[in-house]
Each structure stands twice: as C-alpha cells, then as structure tokens.
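The values are calculated or read from the model by the stated rules, or taken from the named source; none is laboratory data. Values in this document were obtained by computation on a predicted structure and should not be read as measured data. Here the Cβ positions follow ideal geometry from the backbone for every residue, glycine too, while neighbour counts run over all protein chains shown. Keep in mind that these areas ignore ligands, DNA and RNA; they rest on the heavy atoms of the full protein, side chains included. Shrake-Rupley method; radii C 1.70, N 1.55, O 1.52, S 1.80 Å.
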Amino acid sequence: MRGDDERQASVWSYVPLEQRVPADHPLRAMRAMVDEVLTELSPQFSRLYAKVGRPSIAPERLLRALLLQVLYSVRSERLLMEQLDYNLLFRWFVGLSADDPIWDATVFTKNRQRLLEGDIARAFFDRVVAQARQRALLSDEHFTVDGTLIEAWASLKSFKSKEAPPARPDDPGNPTVNFHGERRSNATHASTTDPDARLFRNGDAHEAKLYYQGHVLMENRHGLAVDGSLTPATGFAEREQALAMAARLPTRARATLGADKSYDTRDFVDGLRGLAVTPHVAQNITNRASAIDHRTTRHAGYLASQRRRKRIEEIFGWLKMVGLLRKTRHRGIARVGWMFTFGLAVYNLVRLRRLVAQPT
C-alpha cells in the first residue's frame, strides 16, 4: 500500500537528540574526549569571566562549535550558526536542545579576545596531548620537526612603503596599484591590512606572497603533534622554533629529532647536541658539506627517523585541506596563532579517536 505524502509538519518530537545520533558515530568518541578536556579547563574559564552580570554563552559551547567549524571546514562563523540552526548533529555536539535558540555570529568576535588572553587554545592542546600520553600513545624519544607557510588574509596591494604617505586610491574597493620595477622588502614595506604578515617566497619557482609560518613538533610513534607555534615568515624561523621546541621536550632519555635538508646547518646541529638531542637531519650535500657525518647516518635509527619524518606532512595537509589554514581567515599573529594551535588540537583528536578505536 502506498503511503500518503503528508505535507503537514509535526509540531512535537518525542525523540531526544541523544537517541538520534548513532551509537557508532565518530563524534561520540570525540565528544567524550572533548568534554574531559573542557571539564579540566573549567577553573581557567571561571577566571576569564566576571562574577556578576548577564550570563554569557558558555565557553564550552563556543569551543565545541569552533571544533565543528574546523572539523567540517565551515568557512565562516555565520555559516556555522546557520548549520547549528538546523543540523541536529551539530546541536547535540555543542550541547543545545532541539528548541534552544542559536546565538549571533558576533558572539565569537566578542569572546575571541577573552579566549586569546586566557591562552585557551594552548591549554586545550596541552590537555589533548596529555590524554594521548595517558593512553601510552606517545613516543618519549623520537620526534620530527618541520614548518609550513600559511597564506595571510592580505593582498600584495596592501604591501606598501612604510615611509611614503598613503596615496588617495582611484577605486577604494579595488585600487589600481602598479609596483612593477619597485624594490620591495620587509625592511621597507609592510601590509596595511595585516602588519604581522611577511613577504616570503617559497622557492625560486614561486611568487612572493604575504605569509605566516607554522611550526610543528611530531612524535614518531603515531604521528601526533606534541608542540607547535606560529611566527612571521622568515628564513630563520624554522630552525629557531625547532630549537625552542626541542628544549621543551618532556623526556629524560636522549631524544632524536628528524628534519629535512633545510635544517642541515652547523648552528642548528650544534644547538641540538647542546640540548642532548641527537640530530637526525637529512643531509644537504648540494655544493656544500653536510653538518651530519657518518657517525650519525650509519645507525639504523637515523634511517628510521628519515622514513617517519615524512608523516609530518599529513598534519600540514590536514590543517590546510580540512582545518581552514591554507589561507587564514584571521589577521594578526595572535589570532592566527590561536587558530593554528587549536587546529593542531583538533587534528590530534581525530587521530586519537581512530587510535583508541583500533583493536589491541
């Protein structure tokens, strides 16, 4: 018998959101890990808010919503609120009931500074890493470091001389700029849109663009990020941040640190050895002598580090293709760095869910 095409919508629903989400849905395991982290961060949240006044949107809900934005590549907070309005899965994950009103997208803008000042992204990331360590999923001896370029939310038209007075544009919305033949560098020019961004060229075959530089320290056992930072794009930032992260390694044994050829300099190798870290850096022997000699390369561990270090590209690929960091949507090193660190935490949660689900 054919059923009726009834167009009258039901007024009431007696099925709670908890029952609508399948028991084996990937977000269920992730929600449990996120709730554990947010419970630990509750005292830190309390210090960021006043004791009296009108209650705000709970920071736990804001962070769950931002996590969904990164996880599902929602390109703006307004689209995120649109999804949250009709997507029951999103409502369940954030902690809203089916009838709860959603908040305005400007709530993220007003609370972003509070989350920045509290360094919530770093605290969230550290507790996700702690969960992985409690499950014995991290290596305490073998690590990899690398950096990647993140395109800034600023065009080359905004890269103007610091000394020249601003000229009146012919078209305020899209001015005509002719910088042909002009010598431009970070020493004499800066972006009027995002002053923290730096002009950088990723090789001779690429054009120069305004970039930030993200840095990641990965443990080699399961490819989880254990440290990260974001800096202006310079030719020395990768090695400087690598040494800084190596100095923070939580290990008592002599660790190894894998890296690509761009880290093969005498200063960097000597700096690692001064930190009691064995440099497993790829040799750069193009028209020069490598800082890594046969005493290091003859060991099987060196070859293993060179194989495992390539997995760090999976982190960068996920951050750019899924985590909205191919070209940042924020301006300023503080905000871009906050999203970079939070994106690393979300990546670790995705990996942790899969690792925990694997049979032992």
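Computed quantities for the displayed model
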quantity: Residue within segment 61-78 that is in contact with a Lys or Arg (Cβ under 9 Å, 6 or more places away or on another chain), of a type in the set (D, E, K, R) and assigned to a helix (DSSP H, G or I) present; calculated: yes
quantity: Search result, residues across segment 99-112 that are surrounded by 14 or more Cβ atoms within 10 Å (Cβ to Cβ) and either part of a helix (DSSP H, G or I) or in contact with a Ser or Thr (Cβ under 6 Å, 6 or more places away or on another chain) (or both); calculated: Val107, Phe108, Asn111, Arg112
quantity: Failed condition for Ala130, given (1) of a type in the set (A, V, I, L, M); (2) surrounded by fewer than 18 Cβ atoms within 10 Å (Cβ to Cβ); (3) free of Cβ contacts under 8 Å to residues at least 60 places away in the same chain; (4) under 22 Å from Leu80 (Cβ atoms); calculated: (4)
quantity: Candidate set: segment 180-198, residues that are out of contact with any helix residue (DSSP H, G or I) (no Cβ under 8 Å at 6 or more places or on another chain) and outside any loop (DSSP other than H, G, I, E, B); chosen: the one farthest from Leu319 (Cα to Cα); calculated: His189
quantity: Single residue of segment 227-259 satisfying the filter (of a type in the set (Gly, Ala, Ser) and part of a strand (DSSP E or B)) that is farthest from Thr328 (Cα to Cα); calculated: Ala255
quantity: Residue selected from segment 214-226 under the condition open to solvent by less than 10 Å² (accessible area, probe 1.4 Å) and assigned to a strand (DSSP E or B), by the criterion nearest to Arg184 (Cα to Cα); calculated: Gly214
quantity: Qualifying positions in segment 182-231 - among the aliphatic types (A, V, I, L, M) and in contact with a His (Cβ under 9 Å, 6 or more places away or on another chain); calculated: Leu199, Leu230
quantity: Options Leu115, Leu96, Leu84, Leu68; residue that is under 12 Å from Phe342 (Cα atoms), surrounded by 17 or more Cβ atoms within 10 Å (Cβ to Cβ) and more than 15 Å from the chain's Cα centre (by Cα); calculated: Leu115
quantity: Residue tally, condition among the basic types (Lys, Arg) and surrounded by 17 or more Cβ atoms within 10 Å (Cβ to Cβ), over segment 314-334; calculated: 2
quantity: One residue from Ala282, Ala244 being crowded, with 17+ Cβ neighbours inside 10 Å and free of Cβ contacts under 8 Å to residues at least 60 places away in the same chain; calculated: Ala282
